Amino acid sequence: MSLGKSARLQQSSRASTAELTAAVRASHQRNPVRLFEDPFARYLCGWFWRLVICLRPLSWILIKGVLRAIEPVTLCVLLRARYAEEALESAVEKGIDQYVIIGAGMDSFAFRRPDLMSRIDVFEIDHPITQAQKLDRIRQAGWSIAPRLHFVQADLSKTSAVEALEGSGFQRSRPTFLTLMGVAYYLTAEDLGETADSISRNLPEGTLLVLDYLLDEASARPEHLLMKEKMKSFVAKRGEPMVSQYSLGAMNALMAAHGFEAVENLTLPQLEQRYRSPQGEWPLEIPSIFGVGTFRVAARSPETA
Ligand SMILES: C[S@@+](CC[C@H](N)C(=O)[O-])C[C@H]1O[C@@H](n2cnc3c(N)ncnc32)[C@H](O)[C@@H]1O
């Protein structure tokens, strides 16, 4: 089982969307009101984005000019990163000690959080092209790789995440925390269901999966529909068409059909209420374009076990 045909993206674009989200986290570090702290992100960007981040006028032209219509989407990238990391912290407190980042991209968790790295094994699964680029940048930055950090190269259009973990030191018998951030919208519902299925069939009850996804038209606020279309066209032009969207209820139903129960599932504007900063408001409104949820592998009934 695998992520399927919908994940067969153009080779160069895989690394580029991973880099784009790292660039969002990196440029956010200049903002006095922070949604997410990531001082490591800039080192995981290539020369172009580093230049943009360093040169404020260039950054201004790009973000306020070229990308203006979709600028609020950058807040979604930050919100989802914070949500996933808080969910992980809570899972670790409850005893989970394996963390699998599916489609890890330029995620800097393993370098930013030595406090958690000493307590858990982290498995970063990514396409060989993106992962090779990341490993190069890690070498250039001179960072050392923690003993409990494991890099797993896999083309998830050909193999499932669970199969890819084989031989990496990952233990299927232990409840695990997995994330699928910035990936679900590039998969058909069928492929996402297959991914969920392979996790729920092979990993124990209590395993948690956190993912973000695109909200369907009926769930997004009308004033955000144009932004959503512009964002879809922006990523499609880079070879990564977004092919699936859901209401909160449809996502709960999809996950339930594949062995998961919802711990929580909410829109990003709902999530934002949790993160209102005492230092001030975010500079932009959070658009109602994405949902994010935590799903737990449910107890198997005797018929499905
Ligand atoms: C938009 S990035 C998200 C990166 C990161 N999770 C984040 O939230 O910033 C999508 C990631 O999925 C990975 N990916 C896409 N298609 C893949 C495939 N067929 N096999 C493995 N990884 C894939 C890309 O390499 C990239 O790292």
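Against the conditions (1) farther than 26 Å from residue 173 by Cα; (2) out of contact with any strand residue (DSSP E or B) (no Cβ under 6 Å at 6 or more places or on another chain); (3) modelled with pLDDT of 95 or more; (4) more than 16 Å from the ligand (Cβ to nearest atom), residue 244 satisfies every one except (4). The test for being more than 28 Å from residue 274 (Cβ to Cβ) and touching a residue at least 12 places away in the same chain (Cβ under 8 Å) holds for residue 52. Across the range 54-102, the qualifying residues are those that are at pLDDT below 95 and assigned to a loop (DSSP other than H, G, I, E, B), and the one among them that is farthest from the ligand (Cβ to nearest atom) is 55. For residue 150, the conditions (1) at pLDDT 95 or above; (2) assigned to a loop (DSSP other than H, G, I, E, B) all hold with the exception of (2). Residues in the range 155-172 that are near the ligand (Cβ under 9 Å from one of its atoms), of a type in the set (Gly, Ala, Ser) and in a loop (DSSP other than H, G, I, E, B): 157 only. Considering the range 249-272, the residues that are within 23 Å of residue 70 (Cβ to Cβ) and of a type in the set (S, T, N, Q) include one that is modelled with the highest pLDDT, namely 267.
Here 144, 59 are screened, and the one residue that is touching a helix residue (DSSP H, G or I) at 6+ places or on another chain (Cβ under 8 Å) and polar (S, T, N, Q) is 59.
The values are calculated or read from the model by the stated rules, or taken from the named source; none is laboratory data. Quantities reported herein were computed from a predicted structural model and do not represent experimental measurements. No Cβ is skipped: glycine too gets one built from the backbone with ideal geometry, and neighbour counts run over all protein chains shown.
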